[in-house]
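What follows is a single structure, written as structure tokens, with notes after it.
The values are calculated or read from the model by the stated rules, or taken from the named source; none is laboratory data. Just so it is clear, the model here is predicted, and its values are computed rather than measured. All Cβ positions, even for glycine, are placed from backbone atoms using ideal geometry, and neighbour counts span all protein chains on display. Quick note on the areas: whole protein, heavy atoms, side chains included, nothing else; ligands and nucleic acids left out. Shrake-Rupley method; radii C 1.70, N 1.55, O 1.52, S 1.80 Å.
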Amino acid sequence: MRKQFSLTVADLAAKDDRIVVILGDISVFLFNDFKEKFPNRFFNLGICENAIIGAAAGLSSQGFIPFVHTIAPFFVDRSYEHLKLDACYNQFPINIVTCGASFDYAWDGPSHHCYGDLATLRLLPGMQVFQPGSPKEIDALIRSQYNIGKSNYFRLADKPHDLNISIESGKALILQDKNADATIMTAGPLIANVLEACRDLNVNIVYFNTIKPIDKAVVSQFKHTRILVIHDAFGFYEAVSEIPNLNIAYHGLPADTFLCSYGSVPQIRKLIGLDSEGIRNTVLRTFGDKLQELPSIKNAL
Amino acid sequence: MTPDCKEIRKSILLASQKSGHGHIPTCFSIVEILYAVYSTMKHDPSNPKLEDRDMFILSKGHGSLGLYCVLAKFGYFKPERVHAFGGFQSDFGCHVDRLKVPGVEASTGSLGHGIGIATGIALAFKIKNSKRRVFAIIGDGESNEGSVWEAMLVAVDRKLDNLTVIYDNNQSQLRSLQIKNPAAHFEGFGCAVTQVNGHDVNALKNELLKKADTVKIIIADTVKGYGCKTFIENQYSWHRRPPNEAEYEQLIKELG
């Protein structure tokens, strides 16, 4: 996805000389071509996220369209106030593109995890929030959103899904409609696990890559069903839950704890029940006779 | 003190007394700086969005009342409008809002933000090969914030000789984290540094007009509450307090 991000931005920059790229000293090799073609619109400013967001806002104020890029926790957690004030409050829109969110860098531990990006950024007025699941999706989302006068957060994933699905930017996609009274909603690459787990079950499946604005119309189509949000971050469930009168539950990250286990993304997913087997078990249990409490996994973390 | 700067201080006192808001001592420390900047840079009060104007960013956003009164003095709006300072539905908040006040280029308040935006604007002018310049005032207290120094790293690395930062050295942090030799700090970062009396308009103007080959820092030695003995002798109690009518009369007398 990172490669697609760089290709998409380079392609757009050839036609739109307002585009500038600012890196926080990551993905530099992916932008060699961009740097060569547009040397005065490429800046690797170093490891200074607060200055990067401020500078991007300043560039935006003069008509440029900045793309800023580094690892999720450093922009979102460290520089949240700069996003809030420099970009959003000032109405100097910028495009923020991150990698490593949730536990994509599972082996690095909590300092490099970021499960709260979607939850916190969606609270900022004027900020749109996207979690594309594949290179095709990030390409479409950037092309459709980068210059609409709002700040955009694009969360890239290290392990995209490889499903052949087409989702319209800003919309949710009903992948499976069995007219069932149970519906699963998910976002981003985890859709691959969800489909593998539930394809043969009598459940509806709805896929999102736009967290804000959430597609209320599609969610509302399923408000007469019991909804289970399965997701590997915070924020998506909360966005769906704001639609009134839903019978809704969440399966995903454990509340109020850090994921301190190292390893790979599949290993952490398995640990917290987000591998295909864990998802299937949870779905079967949740949509049994009554909504059951999920077993605590805190002790295993 | 020049007559114009005295008049600006009086308008600050009046707006604060009428509105019941204001960080007056910190505003008084930057009156000459603001006056010198607006006397030097290219701008047009009758056309605040003039295309090739220079830009000023008040990074120490709580000096808002000082900026409003200087903008009024230069003709951006009538001074009476500032009497609604901090009031319900007023355009003139206790921190500046670029979408409400003509001449304000960035909304600031929380410290350590305006300087990053100013750096980005200077970078934008470089990309466009524009001769436009950017000026920013930062506070010595504000410079406790790490983001100020991040911005300096970037500004020096990018040789932003179109950015001039005036450091209001009003000793506001004597009781906490004082930066004892700011010139040495900025020199260490690679900035072009000069130091002047921050209440000498001509000295400030001379420094503002000088060219440098990288980001320029003017350490402006100032006094919180300059011009009023009451403020200077009681800085902490007056940090964020408007004068009542009797105090207002006394302060006007002290200004002379």
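Just for helices (runs of 4 or more DSSP H) wholly inside segment B:1-44: which have at least 2 residues that are of a type in the set (D, E, K, R)? Steps first, answer last, please.
Numbers: elements: B:3-19, B:24-29, B:31-40.
Once the helices (runs of 4 or more DSSP H) in segment B:1-44 are filtered for at least 2 residues that are of a type in the set (D, E, K, R), what remains is B:3-19.
Considering (1) of a type in the set (Asp, Glu); (2) in contact with a Cys (Cβ under 9 Å, 6 or more places away or on another chain); (3) farther than 23 Å from B:Asn169 by Cβ, the lone condition that B:Glu32 does not fulfil carries the number (3).
Does segment A:118-129 include one or more residues that are farther than 21 Å from A:Tyr237 by Cβ, at pLDDT 95 or above and basic (Lys, Arg)? No, the conditions are met nowhere in segment A:118-129. On the stretch given as segment A:27-72, residues that are away from chain B (no Cβ under 11 Å) and in contact with a Gly (Cβ under 9 Å, 6 or more places away or on another chain) total 4. Against the condition crowded, with 18+ Cβ neighbours inside 10 Å, out of contact with any Pro (no Cβ under 7 Å at 6 or more places or on another chain), in contact (Cβ under 8 Å) with a residue 24 or more places away in the chain and assigned to a loop (DSSP other than H, G, I, E, B), how does A:Ile142 come out, does it pass? No; evaluated as a whole, the condition is false for this residue.
Consider segment B:150-162 and keep the residues that are facing another protein chain (nearest Cβ under 9 Å) and of a type outside the set (Gly, Ala, Ser). The one that is nearest to B:Leu67 (Cα to Cα) is B:Met152.
Per the conditions (1) within 14 Å of another protein chain (Cβ to nearest Cβ); (2) touching a residue at least 12 places away in the same chain (Cβ under 8 Å), the sole criterion not satisfied by A:Arg2 is (1). Given the conditions (1) at pLDDT 95 or above; (2) under 26 Å from B:Leu123 (Cβ atoms); (3) open to solvent by 20 Å² or more (accessible area, probe 1.4 Å), which single one is not true for B:Glu254? Of the numbered conditions (1) at pLDDT 95 or above; (2) under 26 Å from B:Leu123 (Cβ atoms); (3) open to solvent by 20 Å² or more (accessible area, probe 1.4 Å), the odd one out for B:Glu254 is (2). Among the candidates B:Gln235, B:Gln178, the residue that is assigned to a loop (DSSP other than H, G, I, E, B), over 17 Å from the mean Cα position of the chain (by Cα) and over 22 Å from B:Ile8 (Cα atoms) is uniquely B:Gln178.
Across segment A:117-138, the qualifying residues are those that are within 10 Å of the chain's Cα centre (by Cα) and not hydrophobic (A, V, I, L, M, F, W, C), and the one among them that is nearest to A:His82 (Cα to Cα) is A:Asp117. Annotation for segment B:218-225: at least one member residue is surrounded by 14 or more Cβ atoms within 10 Å (Cβ to Cβ) and more than 25 Å from B:Ser16 (Cα to Cα).
Only residues that are more than 7 Å from chain A (Cβ to nearest Cβ) and either touching a helix residue (DSSP H, G or I) at 6+ places or on another chain (Cβ under 6 Å) or aliphatic (A, V, I, L, M) (or both) were counted in segment B:116-130, giving 1. Entry remark, segment B:147-160: residues being touching a helix residue (DSSP H, G or I) at 6+ places or on another chain (Cβ under 9 Å) and open to solvent by 40 Å² or more (accessible area, probe 1.4 Å) number 3 in total. Of the numbered criteria (1) open to solvent by less than 30 Å² (accessible area, probe 1.4 Å); (2) outside any loop (DSSP other than H, G, I, E, B), the one B:Arg81 fails is (1).
For A:Thr120, indicate whether it is surrounded by fewer than 24 Cβ atoms within 10 Å (Cβ to Cβ) and not in a loop (DSSP other than H, G, I, E, B). Criteria met by A:Thr120. Please enumerate the residues belonging to segment B:163-174 that are crowded, with 23+ Cβ neighbours inside 10 Å and either more than 19 Å from the chain's Cα centre (by Cα) or within 14 Å of chain A (Cβ to nearest Cβ) (or both). Of everything in segment B:163-174, those that are crowded, with 23+ Cβ neighbours inside 10 Å and either more than 19 Å from the chain's Cα centre (by Cα) or within 14 Å of chain A (Cβ to nearest Cβ) (or both) turn out to be B:Leu163, B:Val165. For the condition open to solvent by 70 Å² or more (accessible area, probe 1.4 Å), in a loop (DSSP other than H, G, I, E, B), under 17 Å from B:Ala122 (Cα atoms) and within 14 Å of another protein chain (Cβ to nearest Cβ), B:Lys211 does not qualify. Identification of helices (runs of 4 or more DSSP H) wholly contained in segment A:179-275 with 3 or more residues that are of a type in the set (A, V, I, L, M) yields A:191-198, A:216-221, A:265-271.
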